[in-house]
Structures are given as C-alpha cells and as structure tokens.
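A short worksheet on the structure shown next.
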2 protein chains.
Amino acid sequence: MSAHATHECVQLVPIFQELEASQLDTIESIVQHHHYQTGETLFNAEDSLDTLLIVAGGQVKVYQLAANGREQLLYLLQTGDIDGEAALFENKQRTSYAEALVPTDICSIRRDDFQQLMQQYPSISINVLNVFGKRLTQLEKQTTSTATESVEARLANYLTETAASLDVQAFKLPLKKKDLATFLGTTPETISRKLTRFEKQGLITQKPGKVIQINDADQLLLVE
Amino acid sequence: MSAHATHECVQLVPIFQELEASQLDTIESIVQHHHYQTGETLFNAEDSLDTLLIVAGGQVKVYQLAANGREQLLYLLQTGDIDGEAALFENKQRTSYAEALVPTDICSIRRDDFQQLMQQYPSISINVLNVFGKRLTQLEKQTTSTATESVEARLANYLTETAASLDVQAFKLPLKKKDLATFLGTTPETISRKLTRFEKQGLITQKPGKVIQINDADQLLLVE
DNA sequence: ATTAAAACTTGACCGCCATCAAGAAATAAA
DNA sequence: TTTATTTCTTGATGGCGGTCAAGTTTTAAT
C-alpha cells in the first residue's frame with residue numbers, strides 16, 4: 001500500500017467532491033487503510049457498526065443470509081463506492097456480510113469522525129443522501145422485480161441493462177454464476193438453463209470466458 | 001382542515017425534532033396542505049419529483065408496478081412518515097405510485113425549499129439520513145426475504161413481527177388481503193390458504209374483523 | 001504439464017404456489 | 001333492511017423453478 005494511495009482514497013469518493021484539497025488532506029489523516037485478499041471477509045453480520053467503508057480499489061459483494069441459510073446478494077461495490085449505513089446508527093448490529101471478490105483496498109472512517117465531518121461540511125450529508133437515494137431506488141426495483149417477475153424476465157433484464165450501462169453488445173459476466181444467482185434470487189442451475197434457452201432462441205450468444213453477446217435486446221426485454 | 005393542523009404537521013415529523021418553535025413556524029409557512037379521499041392517488045410514476053411529502057394523518061400505500069403489471073407494495077406510510085427521495089434528485093421521474101388507504105392529510109414541501117432548509121439546519125439532513133438508513137435496512141430485509149424464503153415463512157414472519165412491534169398477542173390486519181399479498185410478494189388466495197393452515201396447526205386463531213391472534217410465536221418463526 | 005479443485009451444464013423429479021373459477025362472507029350503498 | 005359490490009375462501013389444475021445427482025469444463029495449484 002503506497003503513500004499516494006491515501007490521497008487517491010478520498011479523491012475517489014463522490015461524497016467528498018465539493019471539498020478543497022486542504023480539507024481532503026484533513027480527511028486523509030483520519031482514514032485507515034486495509035487490504036483484503038480474494039474471498040476474505042470485510043465484516044460479518046455480528047460485527048458492530050462503527051465504520052464507514054470506502055472501496056479504494058477492487059470489488060466487494062455485500063449480501064445477507066436468510067433464516068434458511070440462503071444467500072442474497074444486495075450490492076456489488078466497485079472502486080469509489082461506499083458502504084455507509086454503518087456510520088449512521090448507534091449501537092446497531094450489521095445485518096449484512098461483505099466479502100472481497102478480488103484483491104481489494106479499503107479505506108475506513110470511524111463513525112464518530114464521520115459524523116463530525118458531516119457536521120463540519122454539510123455538503124457531505126447531502127452527497128450521502130444522494131447515494132442513499134439511489135441505493136433505495138435500486139433496491140425498490142430489485143424487490144419489485146424479484147417478487148413479481150419470472151427468473152427468465154429478471155435475467156433478460158439484467159443482461160440488457162448491463163450491456164446498456166457499459167454501452168456494448170458483448171460483455172463478460174462480472175460475477176460467478178453462483179453470485180449472479182443470489183443476486184437474481186435464483187440458482188446457478190437455472191441461470192445456465194435460461195442462458196442456453198436464450199441462445200437457442202437466438203437472443204444471445206455465449207462465448208468462451210463467460211462473455212455474453214446480446215443479439216436482440218428488444219426481444220430480450222419482452223421475455224416474460 | 002383546521003388551522004392548527006398546520007402546526008401539527010411539522011411537529012409530527014421526527015426530521016424536524018431538533019428545531020425550535022420559531023424555526024418550526026418558519027417551516028410551517030412554506031408547507032402546503034392537501035387532503036385525499038380513500039383510494040385517491042397522491043402521485044403516479046409519471047409525475048415529476050419535486051416535493052417532499054409528510055403524512056399528517058391517515059395511511060398511504062406506496063407501490064410499484066412491474067413490467068407484467070403486477071403490483072409490489074413497498075411502504076405503508078403512517079402519520080408522521082415522509083416520502084422523501086422526491087426532494088433530493090433533480091429532473092427525475094418518480095418510480096412509484098402512492099394511494100391513500102383511508103382519508104389522509106398530507107403536507108408537502110417543494111424540493112427547492114427543502115434543500116434550502118437542509119443547508120440552513122444541518123440536523124435535518126442527519127435526520128433524513130437516519131430515515132433513509134432505516135428504510136434501506138427494511139428494504140434489504142424485504143428483498144432477501146422475498147427472494148429466498150417461502151411465502152409461508154414470510155407470512156409467519158410478518159405476523160410475529162407485527163404482533164411484536166405492537167406488543168400484543170392479537171391484532172387487526174392493517175391491510176386488505178390483496179395489499180398484504182402484494183407486500184409479501186404473493187396472492188390473496190395463497191394468504192387465505194396459509195392462514196387457514198396456521199390455524200389448523202394451532203399456531204394462530206382467526207377472529208372476525210380480520211383479527212389474528214398469535215398462539216405460538218416461537219413455532220411460527222420456525223416455519224420454513 | 002499434471003493434478004486437484006472449483007465452477008458449470010444437463011437431466012430427472014417434484015413441490016410450491018400462481019391461475020382460473022365459483023361460491024361465501026363482509027362491507028358499502030341505497 | 002335490502003341490495004349491490006367488493007373482498008375473501010376453497011377447490012382443481014398446471015407450470016415454473018428448486019433440488020439432487022452425475023458428468024463436463026474451466027480454473028487454480030503444484
């Protein structure tokens with residue numbers, strides 16, 4: 001972990017974007033750095049909630065476990081994303097688990113420090129509100145979709161959305177099928193079957209290396 | 001709608017709780033009042049997002065429609081609750097619908113006004129962050145639960161949680177079966193069947209007026 | 001390059017629950 | 001109260017998709 005990584009960390013995060021260089025320096029001084037290997041756990045549901053996490057580099061999955069032991073992937077955090085609820089409630093337990101999917105650098109800020117920052121720079125709270133708002137919107141959609149649509153429709157939607165957001169026709173699935181399955185609320189077996197089905201219908205083409213090529217996005221969106 | 005209803009409106013809401021009476025008066029002056037009949041629509045997904053809503057009295061359901069037309073109930077807003085994402089993003093469309101379930105009084109604050117308030121009184125942003133955080137936690141749980149657990153487990157969980165939060169053994173279902181069904185991601189028919197099943201197992205007793213009595217909460221929580 | 005382990009695919013089976021339908025009960029209206 | 005609507009319950013049916021299992025491919029390790 002090099003010295004300039006510290007600087008990158010706070011600069012990466014949109015929630016600090018209104019602050020000036022000198023103010024960023026102040027924040028840098030209270031940030032702690034961590035590194036996690038692939039598969040390593042960042043936190044468990046049993047852990048106490050006392051830090052705000054910033055993904056300085058890498059990829060992290062945040063998931064919950066249902067009573068029956070099944071896993072539900074909630075967020076896929078990328079570089080620059082934060083895991084935030086953490087810093088805002090007192091004496092609460094976490095409800096989620098987080099695990100590094102690739103070697104990952106994390107910066108953390110203690111809850112007390114972050115709350116002080118928010119008092120000092122109101123723009124931070126506003127920015128965090130925006131992050132939360134987007135996350136709420138995403139979760140609302142995910143809830144609606146898992147509760148009311150078929151697995152096939154959810155998968156089709158995921159494929160077209162991912163392609164659209166990357167602005168490409170073909171892309172590599174960013175997750176193992178198992179993780180993608182827990183994200184879509186299904187199983188790896190079903191994902192395999194549905195992808196094969198889409199391919200037979202000519203809607204997609206599966207290429208080596210988990211690459212999916214979208215052949216007919218319009219038709220995919222009509223899948224029920 | 002009486003004059004003192006204005007005063008109640010801002011006092012009701014936890015997000016303003018740190019403010020003094022004189023500051024509340026200022027806010028009162030920029031609040032608009034509305035009344036809705038049962039079944040009346042507060043907003044559609046097509047509406048623009050330019051106000052923060054405060055439920056001054058009554059009950060409101062907030063829901064989404066999936067591509068296939070099925071409804072998903074997301075929130076049941078009670079007196080004192082807010083519908084907030086609204087005020088925070090520019091030029092976005094709503095993604096949800098809202099409908100009054102009983103005669104309902106609403107106070108609204110325009111986005112610009114509310115953002116100004118947040119700049120002026122940082123405690124408001126912090127409070128809104130707390131509201132959002134709780135809502136996120138709730139939604140995360142709902143997503144996990146609908147995606148990974150059986151309808152039976154979700155219903156059992158809903159019953160025990162509702163009873164626990166009201167701190168009673170018996171309570172009246174606050175929603176029609178149809179709405180409860182869209183909340184739990186199922187159908188009214190299935191709810192009927194599951195409740196009958198629970199009753200036959202001695203776990204609950206159904207009484208006239210949609211009243212449910214919990215007989216064995218421990219056993220209910222073990223339902224898979 | 002070989003071996004070991006993990007991830008993926010395909011098949012067979014079957015249970016949960018959505019759907020359609022019709023009758024009963026409850027609520028609202030006249 | 002009587003009538004009309006809406007809501008609720010119960011039955012019959014069928015399909016989606018989860019589970020278990022075995023084989024295949026990919027990835028990782030030595």
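Numerical summary
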item: Ellipsoid equivalent to segment A:130-224 - semi-axes via the Cα gyration tensor, in Å; result: 21, 15, 14
item: For segment A:169-224 versus segment B:102-138, the gap between their alpha-carbon centres in whole angstrom; result: 40
item: Gaussian network model of chain A, springs between alpha carbon atoms under 10 Å - residue of A:E28, A:E152, A:E18 with greatest fluctuation; result: A:E18
item: Other copies of B:A21: label-to-label distances in nm, shortest first, labels 7 Å along the beta-carbon direction; result: 5.1
item: Relative exposure of A:R193, B:R135, judged by other C-beta atoms within 10 Å (fewest first); result: A:R193, B:R135
item: Test item: Cα-centred dipole of the protein assembly as shown, Lys/Arg +1 and Asp/Glu -1 on Cβ, debye; result: 2000
item: Burial ordering of A:L24, A:L221, B:L117, fewest other beta-carbon atoms within 10 Å first; result: A:L221, A:L24, B:L117
item: Helix runs (DSSP H) in chain A reaching 27 Å along axis by Cα, Kyte-Doolittle at least -0.5; result: A:122-148
item: Ellipsoid equivalent to the protein assembly as shown - semi-axes via the Cα gyration tensor, in Å; result: 34, 33, 22
item: Chain A: relative contact order as a whole-number percent, Cα under 8 Å and 6+ apart; result: 19
item: Mean shadow area of chain A, taken as a quarter of the surface of its Cα convex hull (nm²); result: 13.6
item: 5 angstrom amide H check on B:Q59, placed H, neighbours 5+ away; result: B:L101, B:V102
item: Flagged links, alpha-carbon separation over 31 Å, of A:K178/A:K200; B:K134/B:K177; A:K176/B:K141; A:K177/B:K61; A:K61/B:K177; A:K178/B:K92; result: A:K177/B:K61; A:K61/B:K177; A:K178/B:K92
item: Likely footprinting exposure, B:T41, B:T146, B:T162, fewest C-beta neighbours within 10 Å first; result: B:T41, B:T162, B:T146
item: Which of B:Q23, A:Q120, A:A156, positive extreme of dipole for the protein assembly as shown (C-beta unit charges); result: A:A156
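Readers should treat all values here as calculations from the given coordinates under stated rules, not as data from a laboratory. Worth saying up front: this structure is predicted, and the values here are computed from it rather than measured. No Cβ is skipped: glycine too gets one built from the backbone with ideal geometry, and neighbour counts run over all protein chains shown.
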